[in-house]
Amino acid sequence: MSLADTRFETRRRKLASALAAKRIDDVLITHITHVRYLSGFSGSNGALLVSKDRTAKIATDGRYTTQIGEEVPDIPATITRKVAEELLTQVVEGHRVGFEADYLSVSQLEVLKKACPEDVTLVPVSGAVEDIRLTKDGLELHRLEEAAALATEALEQLVDAGELAAGRSERDIAADLEYRMRQLGAERPSFDTIVASGPNSAKPHHGASERIVQEGELVTIDFGMHRLGFNSDMTRTFAIGEPNDFLREIYEVTLESQQAGVRASVAGAKLVDVDAACRTVIEEAGYGEYFVHSTGHGVGLDVHEAPYASTTGKGELREAMTLTIEPGIYVPGKGGVRIEDTLIITSGAPKVITQYPKELTVL
């Protein structure tokens, strides 16, 4: 068995222990990201059945017959279109089977109920796999650092080539950045790239439009690379030509807030306190009403995953967790700023894996 297979087996063993504690005999994994996390299978259609005795079964359709044999040599595979329904028919009589309640629609649940043998009971399960995913193993952290470094390189290339400039559209800038990420090994962007210029920078999730970038404006770029299953996430705000005093002020306040959040992100810190570290700086500067989202989230197989740093965040940071710190100030009609890094929580100061300068860059 390979090192990778051992890693997946370890994850399934943790899940099996959690199941046994809840008096659940098996759990049916249908969320494709969780199928990959627990088995290594990277296809787009699959389901996994994990039992409390630490055995597992997997199913996919005929498109992936060869792929599943290569990626998951240690689990018996069934080839069928109806992956979840087929695995349910293989459950032992009288078992209680958990299903991923957070990832099933009402209609999908009805399909499972119809396929479920009469002597098998379906039980909703929430958070079991997510709890295991909270902390990353060494290979996960390595992949995350690789993705972050390559995405950073793409941004550096964009700026060095003069492609972030007045006279260009937001959409063209976004396309150039995504192309450079592809050239460096991205399978796709982690999410739709945001390039928000001038008044659009006051919209946290603006996207990228045909608007032409003008001199004297701020441009916020929020982007990420999806590579080998893992994601990156970083935001930087640039000045195109000299910005006015107001724009410089909100930039400096946002930077101070972001740095405070990074400093607060240590093992044992409460997630609400990390959020408060950022929020307090912005509130004391008089811009509290313009910080309209949470401070950060984890990054891994999903670009947005637990833990979450917000005013309602639950729990504490632990070593080997990831967390973004991304405060922002968004003033309608005037402009906005967001600065974001992705961190790895360590036994000391957090490791910042998105290494691009944060002092205001004037282009």
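The values are calculated or read from the model by the stated rules, or taken from the named source; none is laboratory data. Remember, predicted model here, so these are calculated numbers, not experimental data. Cβ atoms come from the backbone with ideal geometry, glycine included; neighbour counts cover every protein chain shown. Note: areas computed on protein heavy atoms with side chains; ligands, DNA, RNA excluded. Shrake-Rupley method; radii C 1.70, N 1.55, O 1.52, S 1.80 Å.
Figures for the structure shown
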{"read-out": "Residue check, Glu215 farther than 22 Å from Leu301 by Cα and in contact with an Asp or Glu (Cβ under 9 Å, 6 or more places away or on another chain)", "value": "yes"}
{"read-out": "Inter-residue pairs, beta-carbon under 6 Å, first without any contact (Cβ under 8 Å) to a residue 12 or more places away in the chain and open to solvent by 10 Å² or more (accessible area, probe 1.4 Å) and in region 253-264, second in a helix (DSSP H, G or I) and of a type outside the set (D, E, K, R), 6+ apart", "value": "none"}
{"read-out": "Considering residues of region 28-53 that are assigned to a loop (DSSP other than H, G, I, E, B) and either touching a residue at least 60 places away in the same chain (Cβ under 8 Å) or on the phi > 0 side of the Ramachandran plot (or both) only, the residue least open to solvent (accessible area, probe 1.4 Å)", "value": "Gly40"}
{"read-out": "Of residues in region 160-178 being in a helix (DSSP H, G or I) and surrounded by fewer than 18 Cβ atoms within 10 Å (Cβ to Cβ), the one nearest to the chain's Cα centre (by Cα)", "value": "Ala175"}
{"read-out": "The listed residue being among the basic types (Lys, Arg) and either under 17 Å from the mean Cα position of the chain (by Cα) or not assigned by the TED database to the domain that holds Glu153 (or both), out of Arg236, Arg263, Arg227", "value": "Arg227"}
{"read-out": "Within region 303-349, tally of residues that are among the hydroxyl-bearing types (Ser, Thr, Tyr) and in contact with a His (Cβ under 6 Å, 6 or more places away or on another chain)", "value": "2"}
{"read-out": "Per-region count, region 223-242, residues out of contact with any Gly (no Cβ under 6 Å at 6 or more places or on another chain) and either open to solvent by 10 Å² or more (accessible area, probe 1.4 Å) or of a type in the set (A, V, I, L, M, F, W, C) (or both)", "value": "10"}
{"read-out": "Residue that is nearest to Thr237 (Cα to Cα) [pool: residues in region 179-191 that are surrounded by fewer than 20 Cβ atoms within 10 Å (Cβ to Cβ) and out of contact with any His (no Cβ under 7 Å at 6 or more places or on another chain)]", "value": "Phe191"}
{"read-out": "Criterion: over 22 Å from Val219 (Cβ atoms) and crowded, with 24+ Cβ neighbours inside 10 Å - qualifying residue of Val299, Val337", "value": "Val299"}
{"read-out": "Region 326-363: number of residues that are charged (D, E, K, R) and not in a loop (DSSP other than H, G, I, E, B)", "value": "4"}
{"read-out": "Residues located in region 15-27, provided they are at pLDDT 95 or above and in a helix (DSSP H, G or I)", "value": "Leu15"}
{"read-out": "Count - residues of region 310-329 that are open to solvent by 10 Å² or more (accessible area, probe 1.4 Å) and touching a residue at least 40 places away in the same chain (Cβ under 8 Å)", "value": "9"}
